[in-house]
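Only the coordinates and a few stated rules stand behind these numbers; no lab work does. Bear in mind the structure is a predicted one, so any value in this text is a computation, not a measurement. When we count neighbours, we look across all protein chains shown, and the Cβ atoms used for this are built from the backbone with ideal geometry, even at glycine.
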Amino acid sequence: MAATDSCNVINPSEPVPTYVRIDSFEFTGGGLTDIKCVTVYYNGDNIGSFDLPAVIPVLTSGSNGTLQVAPGILVNGRNERPAAYPFYKMASMTLPEKPGQIINYVPKTSYYDTVKITKISDFNSGITQFSKHGGTTTIRVVTDPSLVFEGAGSGAVYLTSAADSSIDSTIKSFPIKQGYSFLEFDYKTTTPFAIAIKANLGSLYSSSITYLGGVLPNDKWQKFYLNLSGFTTNYPADSYHFFIKAALQDQTSGVLLIDNIKLVTF
C-alpha cells in the first residue's frame with residue numbers, strides 16, 4: 001500500500017461546513033425584543049445553542065436542507081440561563097450547500113397566534129395602574145420624551161435620598177392560566193429594583209409577597225422576561241397581584257423608568 005493511501009486512512013478528509021451568520025432577529029408586531037441567543041436545527045437535528053451574533057457551522061446535505069432557528073431570551077434576567085422563548089415563532093429557511101462559505105441570515109419571528117397578551121400598564125393614559133404599598137415614594141407617569149420609551153408616557157420612580165424606597169402594587173389583580181406565563185416589561189434604570197407576585201387564594205387567605213426577579217442598573221432601554229410558570233404551578237389561585245420594589249444601593253439618588261408592563265400567556 002502506498003504511503004499516501006495509508007495517510008488517508010489515518011487522517012480521512014473531513015467535510016467542510018456551510019456557515020450561517022446571524023446577528024439579530026427581525027420582530028413583527030411591535031415592542032422591543034431582546035433575543036440574546038438561538039437554538040439551531042438542521043433537518044430536525046439539534047445543532048446547538050449560540051449567543052448572538054454568531055457564525056454557525058452546518059454540515060449541509062444537499063441543496064434542500066431546512067435550517068430552523070428558535071429565538072432565545074435571558075430567563076429572569078440571568079445571563080447564565082438563556083432559554084428558548086415559548087411565545088415566539090421559530091424561523092426557518094432552505095439552506096443551500098455552500099461548503100466554506102458564509103450565508104447571512106436575518107430570521108423573522110413574531111408571537112404565535114394563540115398567545116394572549118394582557119396589558120397591565122403602558123402609562124399612556126396618564127394612569128400608572130399601580131398604588132403605593134410601602135416605602136417613601138411611589139411610581140408616577142412621566143411624559144418628557146427623553147424619559148419615555150414609546151407612546152405618550154412611561155412609569156418613573158424617583159429616589160432622591162439614600163433613605164428613599166418604593167413598593168408599588170397593581171391596583172387590579174390578574175388571572176393567570178396554568179402553563180407558560182411571563183411578566184414582561186421594558187426598563188431603563190440607575191437603581192436596582194425587584195419584581196414580586198402574590199397569589200390571591202380566596203377571600204380569607206393570600207400568599208405572602210414573593211420576589212421572583214431582581215434587575216440591575218442599565219442606562220439603555222432593555223426588555224425583562226420574568227417566568228411566572230413555577231410560581232403559578234405551586235400557588236394556583238383565582239388571581240394575582242404584581243409588585244415593583246425600588247431601593248438604592250450605595251447611592252444617594254436614582255431613577256427607575258419602566259414601560260409596557262404586560263402578562264403573556266397562551
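Amide H of Ser181: which non-local residues (sequence gap of 5 or more, or other chain) have their own amide H closer than 5 Å, using H built in the peptide plane?
Leu228, Ser229
May I ask you to evaluate 6.51 cos²θ - 1.76 cosθ + 1.60, the Karplus curve with θ = phi - 60°, for each residue of the stretch 142-147 and list the ³J(HN,Hα) values in order in whole Hz, giving x for glycine and proline?
10, 10, 4, x, 6, 10
If you take the charge dipole of the stretch 177-266 about its Cα centre, with +1 on Lys and Arg Cβ and -1 on Asp and Glu Cβ, which of Phe193, Asn218, Phe182 is farthest toward its positive end?
Checking the options against the dipole of the stretch 177-266, the answer is Phe182.
Please list, by residue number, every one of the chymotrypsin sites (Phe, Trp or Tyr not before Pro) in the stretch 152-244 that is coil in DSSP and has at most 11 other beta-carbon atoms within 10 Å.
Qualifying residues, ordered by number: Tyr205.
Taking N as the number of residues in the stretch 61-186, what is its Cα Rg relative to 2.2 N^0.38 Å?
1.53
Taking the Cα atoms of the stretch 167-252, report the difference between the largest and smallest coordinate on each principal axis, in whole Å and largest first.
Taking max minus min along each principal axis of the Cα atoms, the stretch 167-252 gives 41, 25, 20 Å.
How large is the charge dipole for the chain, taken about the Cα centre, if only the Cβ atoms of Lys, Arg (+1) and Asp, Glu (-1) carry charge, to the nearest 20 debye? Walk me through the numbers before you get to the answer.
Working: 19 positive and 21 negative charges, 146 e Å.
Roughly 700 debye for the chain.
Check which residues have an amide H placed less than 5 Å from Phe193's amide H, if you skip close sequence neighbours.
Close amide H contacts, sequence-distant or interchain: Val215.
Could you give the nm distance between label points at Tyr112 and Ser161, where each point is 7 Å from its Cα heading toward the beta carbon?
Reported label-point gap for Tyr112 and Ser161 is 5.1 nm.
Work from the charge dipole of the stretch 71-164 (Cβ charges, +1 for Lys and Arg, -1 for Asp and Glu, about the Cα centre) and give the residue of Gln101, Ser161, Ser125 farthest towards its positive end.
Gln101
Kindly list the residues of the stretch 229-245 that lie in the label zone of Thr210, defined by a backbone N under 16 Å from the point 7 Å along the Cα-to-C-beta vector.
Once the point is set 7 Å along Cα→Cβ of Thr210, 229-243 turn out to lie under 16 Å by backbone N, inside the stretch 229-245.
Short version: ³J(HN,Hα) in whole Hz for each residue of the stretch 228-234, in order, from phi by Karplus 6.51 cos²θ - 1.76 cosθ + 1.60 (θ = phi - 60°), x for Gly and Pro, what are they?
Those phi angles translate into 9, 4, x, 5, 5, 5, 6 Hz.
Tell me, what are the semi-axes, in whole angstrom and largest first, of the equivalent ellipsoid of the stretch 219-262 as set by the roots of 5 times the Cα gyration tensor eigenvalues?
28, 14, 10
Write out the GluC sites (Glu not before Pro) in the stretch 65-165 meeting two conditions: DSSP loop, and at most 11 other Cβ atoms within 10 Å of their Cβ.
Numbers: sites: Glu80, Glu97, Glu150; in loops: Glu80, Glu97, Glu150.
Within the stretch 65-165, the qualifying GluC sites (Glu not before Pro) (loop, at most 11 other Cβ atoms within 10 Å) are Glu80.
With each pseudo-label sitting 7 Å past Cα toward Cβ, what's the Ser146-Met90 distance in nm, one decimal?
4.7 nm
Working from the pairwise distances between different alpha carbons, so that the mean of 1/r is found and then inverted, what is the chain's Kirkwood radius in Å?
Details: mean 1/r = 0.0476 Å⁻¹.
About 21.0 Å, per the Kirkwood formula over Cα pairs.
What net charge is computed for the residues neighbouring Arg140, neighbours being all others with C-beta under 14 Å from the C-beta of Arg140, Lys and Arg scored +1, Asp and Glu -1?
Net charge in that neighbourhood comes out at -3.
Taking amide H positions as placed in the peptide plane 1.01 Å from N, state which residues far from Ile56 in sequence (5 or more) or on other chains have amide H under 5 Å from it.
Distant-sequence amide H within range of Ile56: Val20, Arg21, Ile22.
Tabulate in residue order the Karplus-calculated ³J(HN,Hα) for the stretch 245-252, using 6.51 cos²θ - 1.76 cosθ + 1.60 with θ = phi - 60°, rounded to whole Hz; enter x for Gly and Pro.
Result, ordered by residue: 10, 10, 8, 7, 10, 6, 9, 9 Hz.
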